[in-house]
Amino acid sequence: MQSHEFEHAFGRREFLKLAGAAGLSWLTPLAQLLSQQAEKQKQPAKSLIVLWLQGGPSQLETFDPHPGKSIGGDTRAIATRAKNIQIAEGLPLLAEQMQHISLVRSLVSKEGDHERGTYFVKTGFRPDPTAVHPAIGAVLCKELPVGKTEIPRHVSILPGQWPARGGFLGAEYDAFKTYDPINKVPDTVARVPAERDRQRVEDLKVVEAAFARGRRRQTQPAVVQGQLEAARTMMTSEQLKAFDVMLEPERTRKSYGDTPFGRGCLAARRLIEVGVRCVEVTLDGWDSHVDNARIHRDQNVILDAAFAALIRDLEERKLLDRTVVLCAGEFGRTPRINPAGGRDHWPTGFSCALAGGGIRGGLAIGSTDPDGGPPREEEARQVQDVHATILKSFGLEYDKLRQTPIGRTARLTGRPIDDLLS
Amino acid sequence: MWKKNLFFIALVVAGGLALAGNLFPRPERELDIPFAAADVQKQDFRDVVERVDASFRQQWSAEGLERAPRADELTMARRLSLGLTGTVPSLEEIRQLEAYQGPEKIQWYLNRLLHDRRYADYVGERLARAYVGTEDGPFLVYRRRRFVTWLSDQVMLNTPYDQIAQQLIAADGLWTDHPSTNFITVTIEQGEKNRPKPERLAGQVSRAFLGIRLDCAQCHDHPLYGDAIKWKQMDFHGLAAFFGQTRQGFTGIHDEKGQEYEMEKRRGSDKQAVEPAVPFFPELLPEAGNRRERLAAWVTHRDNTYFAEAIVNRMWAVLTGRPLVEPIDDIDSVETDPGTVRRREAGRHKLKILAADFVENGHDLRRLIKLMVATEVYQLASTSPRELTEQEWVKHEQAWAVFPLSPLRPEQAVGALLQAASLQTIDSESHILVRIATALGTNEFVKRYGDSGRDEFDPHTGTIPQRLLLMNGNIVKEKTKDSILNASTRIAMLAPDDATAVETAYLVVLTRRPTPEEASHFAQRLAGKMNNARQRALEDLYWTLINSSEFALNH
C-alpha cells in the first residue's frame, strides 16, 4: 500500500516538474496578480476606538474564564460565535459578536501599578524619566492627515486620572476631554449672544494690534491667534454635533445601554464618522481588590451592551473594516482569590480584545495556565506587540524612530502579531 | 425668649460685619518688610552684576546685535510676580509700586515678594517638579503635598540650598515626619519589596542637582554616535550604587549595611555587584559617612561646579521662562553644531559667574534671585524699536539681546485670572473663603488647561482646550460676570469716568496702561452706558483682555 502511495506522489512530482519545464510557469505571475489584487482590497484602518477599562479588569471574569478550575472562581463560561472560544457568562451580547473580535490572552507586562500600567498600555512604552511618550491616538493623529476634520481628532470621553496624552509629540496632540455625551461638550458655547460675541472678537483685534507693535511677526501671539481661530471653527462646526448622542434614534441609544459608558461608545462611533482619528472611552471601577465577583457582574452588564452594540453598529454601517477597536485595561487580576473575595493586580498573563481595521476576528492568541501560572514563554505577548499590530493595520511604520525633546530616540520594540493581520 | 432675640441680633450683626468686610476694602496694610537698598549696592554684589552684564555685551558686539531698550517698571513687576509667585500684581501692589519714591525700586518690589509666602509656595512647587515630577507616586509611602510644604518652608526660611539638597539625598526617617525623604520614597514601586529604586534615584539626582542626563547611560555608553563618549555605563551604575543600601522599613528610610547594588550590564545577562563611584571629581568624595551622606557631601561640595550651575540655570528659567543653557537638565551635553556650541558656551560663561558667587555666599537663593534681577538683561524689553527680520529676531532672542516671550504655565494663567478678578491682593492675609475658592478654582482650571508636568520649559504652542476654556469657560464667566465680588463690576460702579475705568481694567488684567488707540476705542464702547449696560461693557472688556495673546504670555 505504502509503496503504491509513494509511487503516486512521485508521479505527481514528476508531472509538475515536467509542467514547469513546459512553461506552465506562466501561472505564477497570474497568481501574483491575483494576490496583489486581494491586498489592494484590504485598505488600511482609518480610525481607532479604545475602550479603556480603568482599574484592571479580571481576565478570568471577562475574556479568559477557566470554569471548573480553582482559579476560575464561580465564573461560568459561555460559547460564542467564534469557534472554540468561550468568554465569561456575563457577556452574552458580546458572545454574539465574537466572530469579529479576537482576544490576546497571554499579555505580559512588568507594570503592576495603576499609573505605570496605564502609561504602558496606552503608549506601548514603559514609564521613563527622560521622555513622556505619546499615546497611540496621538501617534495616529501625528502620522495621518487632518483632512476636513474641524474638531479635535484625538478625543477622550469620560477621562480617568490619566487620559491619553500627546507626550513628546506636543500638547496639541493631547486627547480632548469631554464627559457624558448626554451633557454638552464643555466650553464650546459662547456665553453671550452672537452680536456681543462678534463685538468682542473685533475688540480683540485692537488689543492684538497694540501688542504686536515692535514684536516679531511669527511668534507666540500668531500661534495663540491660530489656536483661537481653530477653536472658533470648532465651536461653529457641524461636526460638533457628532458628540450629541441624543440625535440618534432611541432604539440605537437603548442598544448601547443607558449608561455614560454606553453613550460614550455611541458618541465614539459618531465621531469617527466625521474624521476623528482616535476616541478613548473609559469605564472605571474594575479594581476589584474586594468582592471581585459582584463588581465584575455589575461592570460586565455595562461593558457587554456597549461593546456589542458598537461592533454591531460599526459592522452594519460598513465601518468595521476601517475602524480598529481595542478593549483593554492596565493589567489583569490574580488567579488566586484573596480573603476579601477580591483579586489583586496581575500583569503576568492578562487579556485584551481587538476588532476591526483589517484585524482578523474570532481568534484567541495565546493562553493562560489553568492552574494560575504565567503564560508559556513562547506564547507570551508584550504590550508593545499590540501597538505594533494596530499601527501596522493603519499602514504605518510601527517601529519608526522618533526624536524626543532631549535628543534621545524612541522606537517601539513590539512586533506585530502576524496571525491577526494575515 | 429674649436670649433668642439677642442671638438673632448677634447673627445679623456678624453677617453685616462680614458683608461690610467684603465690600469695603480694608485699609492698606503697613508693610513691615525691611528693605535695605544698601544690600544691593555693596561692591561685591555690583561686581557680579557688572561681570554678567559685560559678558552679555561682549557677546552682542561679537554677533553684531543691538540690545532692546529698558522695560518699564510695570512690565518688570509683572515678570517678577509671575515668575516668583505665579500671579500678576494686584491693583494694590501696582499703586504701591508707583507711589514708592525710595531707591532701587525694582529691588524693593522684589524684596517684598521674596518675603511673601506665595513666593515660597510657588518656587517650592517648581523645585518639587524638578525633583519628583508630578506623578502621584506610590500612595502608601509617598506624600507629595507634605514634600512640597516642607520645600516651601525651606524656601521661606532661605535655608542654604546645599543643606536642602543634603536633606533630600541623605535624610532618614518616615516620609510623614521627615518629609524630605519623599525624594527617596517616590521611587518605590509596588511589588519591589518596598525598596527605593537606585536607578531612578541616580537619574533624579543627576538631572535635578547636577544638570546632567545620565539616564541614557543606564543601558549603554552615551552618546551612541560620534567620537566623544561623555558618560560610560559604569558612571551611571556607580552613582546608583550609592542608593544600593537604602531601604524602607518601620522607621522609614534608612541605609542597611551589607547590602549590595547589582546591575544588569545588558538585558538578560547576569547581574554583577557594583561599588559606589562618582562619575567625576572623585577627589571631592569624602570617606566618612554612610553611602548617601557621602554622596550628598560630594554633590554639594563647593568645588562641584555642576551643582551650583544647575540651580542657577533653573532659577534663571523660573525668572525669565527660559534657561541660560538648554536643555535645563543637560547643561553638559555633547553638541556638534557650531552655532549651538557657541551659544552654550556663552550661556555657561554667565552661569559660572553667578554660580561662583552663589557658592561663596552660602548657597543663598534670595541673593541669587536679587543678582539675576539686577542684571541688565533681566530688565530689557521684549520689543525692538527697529524692524528686524525673522532671522534677526531669533539671533537677538537667543543671545538675550531682547527679553524672550514664553507661554504662561497653567497655574500662572489661573493665578493671573483670579487676581485680575479681585482688586485686592489675594495672599495669605486674604479671607479664608477667598483662599478656598482660589484653591478650588485653580485645580479645576489647571486640569482643563493642561499640565505639562516635569517638562516645564518646552516652548509649547498652546492648545484648543486652553482657548475654549478662556473663551467660554465657567471660571472666566464667574469672574467677569455682574457680581459685587468681581473687579469688573466694581470698576464699572466705582470708577469716576470712562477713561479711568478702561485704565483700571488694563492695569489689573495686563499690568499696563492702554495705548491711545486702545483707550479711545474702549472709552467709546463705554460711553453713555449706565448700570447693567455698563457692567456688561466692563465684562466684555475683561473677556477681551483675558483672551488676548498678551495675557497668556510672559513678556
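The values are calculated or read from the model by the stated rules, or taken from the named source; none is laboratory data. In this text, all values refer to a predicted model and were calculated from it rather than measured experimentally. For neighbour counting, all protein chains shown are included, and Cβ atoms are generated from backbone atoms with ideal geometry for every residue, glycine included. When the accessible area is computed, the model is the full protein with side chains, heavy atoms only, and any ligands, DNA or RNA have been set aside. Shrake-Rupley method; radii C 1.70, N 1.55, O 1.52, S 1.80 Å.
Tabulated results
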item: Selection from segment A:156-189 of residues that are open to solvent by less than 40 Å² (accessible area, probe 1.4 Å), among the β-branched types (Val, Ile, Thr) and within 11 Å of chain B (Cβ to nearest Cβ); result: A:Thr178, A:Val185, A:Thr188
item: Enumerated helices (runs of 4 or more DSSP H) restricted to segment B:43-111, each holding at least 1 residues that are over 22 Å from B:Asn554 (Cβ atoms) and acidic (Asp, Glu); result: B:43-63
item: Single residue of segment B:197-223 satisfying the filter (outside any helix (DSSP H, G or I) and more than 28 Å from the chain's Cα centre (by Cα)) that is surrounded by the fewest Cβ atoms within 10 Å (Cβ to Cβ); result: B:Cys219
item: Hits in segment A:401-422 (condition: part of a loop (DSSP other than H, G, I, E, B), more than 13 Å from chain B (Cβ to nearest Cβ), in contact (Cβ under 8 Å) with a residue 60 or more places away in the chain and not small (Gly, Ala, Ser)); result: A:Leu412, A:Ile417
item: Top-ranked residue in segment B:360-382 [being assigned to a helix (DSSP H, G or I) and not aliphatic (A, V, I, L, M); ranked as nearest to the other protein chains (Cβ to nearest Cβ)]; result: B:Gln379
item: Some residue of segment B:132-139 being surrounded by 23 or more Cβ atoms within 10 Å (Cβ to Cβ) and not in a loop (DSSP other than H, G, I, E, B); result: yes
item: Considering residues of segment B:497-519 that are open to solvent by 10 Å² or more (accessible area, probe 1.4 Å) and within 12 Å of A:Asp203 (Cα to Cα) only, the residue farthest from the other protein chains (Cβ to nearest Cβ); result: B:Ala519
item: Enumeration of residues in segment B:383-407 that are assigned to a loop (DSSP other than H, G, I, E, B), free of Cβ contacts under 8 Å to residues at least 24 places away in the same chain and either open to solvent by less than 70 Å² (accessible area, probe 1.4 Å) or within 13 Å of B:Gly64 (Cα to Cα) (or both); result: B:Leu388
item: Of all residues in segment A:389-399 being surrounded by fewer than 22 Cβ atoms within 10 Å (Cβ to Cβ) and in contact (Cβ under 8 Å) with a residue 24 or more places away in the chain, the one that is farthest from A:Ala131 (Cα to Cα); result: A:Gly395
item: Among (1) under 21 Å from A:Ile311 (Cβ atoms); (2) modelled with pLDDT of 95 or more - the single one A:Lys83 does not satisfy; result: (2)
item: Meets criteria (assigned to a loop (DSSP other than H, G, I, E, B) and surrounded by 22 or more Cβ atoms within 10 Å (Cβ to Cβ)) for A:Ser367; result: no
item: B:Phe8 loosely packed, with under 10 Cβ neighbours inside 10 Å and modelled with pLDDT under 85; result: no
item: The lone exception for B:Gly528 - which of (1) within 28 Å of the chain's Cα centre (by Cα); (2) not in a helix (DSSP H, G or I) it fails; result: (1)
item: Criterion violated by A:Phe243 - all others in (1) at the interface with another protein chain (Cβ under 9 Å from one of its Cβ atoms); (2) in contact (Cβ under 8 Å) with a residue 60 or more places away in the chain; (3) of a type outside the set (D, E, K, R) satisfied; result: (1)
item: Hits in segment A:123-155 (condition: out of contact with any strand residue (DSSP E or B) (no Cβ under 8 Å at 6 or more places or on another chain), closer than 22 Å to A:Thr348 by Cβ and open to solvent by 20 Å² or more (accessible area, probe 1.4 Å)); result: A:Arg126, A:Pro127, A:Asp128
item: Subset tally (residues that are in contact (Cβ under 8 Å) with a residue 24 or more places away in the chain and over 22 Å from A:Gly361 (Cβ atoms)) for segment A:296-333; result: 8
